[in-house]
Amino acid sequence: MFSLQELKYKINIQPSNLNGNIRDVLKNTIHEKMEKRILNGAYIISICDFKHKQTGVINNDGSVSFNIIVTCQTFCPKIGNEYDLKITHINKMGIMHKYENVSIFVANHHLINDDHKIDDMMKIQIMGKRIEENMVCVAKEIVSS
């Protein structure tokens, strides 16, 4: 679920922000626009590094565009994959693991046993995923091997 990914991203810097070291301006803008957000189907936990190979391209509105490659720590459950899950919430509908803007839900009818407690670990398989402002996954409990 957690992995390092390289993402290509185009970033525009407004003329009023083009003061000082361009690398620092890019770094601050990248952190502001990408961290703690869902992009390309993954939740971006943190930005590790970035690189840009070209000088900026001046746009008609005066902003400057940079094509960058961002290396980031992501949280991205994939449909069909199996994961060990720590239970963070239990209600009458089922069990949930919540991490920032990502929720993984296991309905009662997809549980093998019903004696789970908060902070227990369980093995699950992702059955579906929906991404809007948040990422919501539906899973089923599977037998630990």
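The values are calculated or read from the model by the stated rules, or taken from the named source; none is laboratory data. Note that the structure is a prediction, hence the values are computed from the model and not measured. Cβ sites come from the backbone with ideal geometry, for glycine too, and all protein chains shown count toward neighbours.
What residue, among those in segment 43-74 that are of a type in the set (A, V, I, L, M, F, W, C) and farther than 30 Å from residue 1 by Cα, is nearest to the chain's Cα centre (by Cα)? Give the steps one after another, and end with the answer.
Of segment 43-74, the ones of a type in the set (A, V, I, L, M, F, W, C) are 44-45, 47-48, 50, 57-58, 64, 66, 68-70, 72.
Retained after the next criterion (residues that are farther than 30 Å from residue 1 by Cα): 57-58, 64.
On the way: 57: 29, 58: 30, 64: 27 Å.
Among those residues, the one meeting the criterion is 64.
Just to be sure, is residue 33 outside any strand (DSSP E or B) and in the same structural domain as residue 71 (by TED's automatic domain parsing)?
The answer is yes for residue 33.
If we scan segment 102-118, do we find a residue that is over 14 Å from residue 2 (Cα atoms) and among the aromatic types (Phe, Trp, Tyr)?
Yes: segment 102-118 contains one or more residues that are over 14 Å from residue 2 (Cα atoms) and among the aromatic types (Phe, Trp, Tyr).
For segment 77-128, please list each of the strands (runs of 3 or more DSSP E) lying entirely inside it that holds at least 1 residues being surrounded by 18 or more Cβ atoms within 10 Å (Cβ to Cβ) and among the aliphatic types (A, V, I, L, M).
Answer list for segment 77-128: 82-86, 94-99, 102-107.
If I ask for residues that are out of contact with any Phe, Trp or Tyr (no Cβ under 9 Å at 6 or more places or on another chain) and within 20 Å of residue 59 (Cα to Cα), which ones from segment 5-19 would you list?
Hits for segment 5-19 are 8, 14, 15, 16, 17, 18, 19.
Report yes if residue 60 is assigned by TED's automatic domain parsing to the domain that holds residue 25 and assigned to a strand (DSSP E or B), otherwise no.
Answer is no for this residue.
Output the qualifying pairs, or none if there are none: Cβ atoms under 9 angstrom, residues six or more apart or on different chains, first residue in segment 113-124 and in contact (Cβ under 8 Å) with a residue 40 or more places away in the chain, second residue surrounded by 12 or more Cβ atoms within 10 Å (Cβ to Cβ) and hydroxyl-bearing (Ser, Thr, Tyr).
Filtered contacts from segment 113-124: 123/83; 124/83.
When the residues of segment 5-21 are narrowed to those that are within 26 Å of the chain's Cα centre (by Cα) and surrounded by 11 or more Cβ atoms within 10 Å (Cβ to Cβ), which ends up nearest to residue 100 (Cα to Cα)?
Only one residue fits best here, namely 5.
If residue 56 satisfies every condition in (1) more than 30 Å from residue 115 (Cα to Cα); (2) out of contact with any strand residue (DSSP E or B) (no Cβ under 8 Å at 6 or more places or on another chain); (3) not hydrophobic (A, V, I, L, M, F, W, C) but one, which is the exception?
All conditions are met except number (2).
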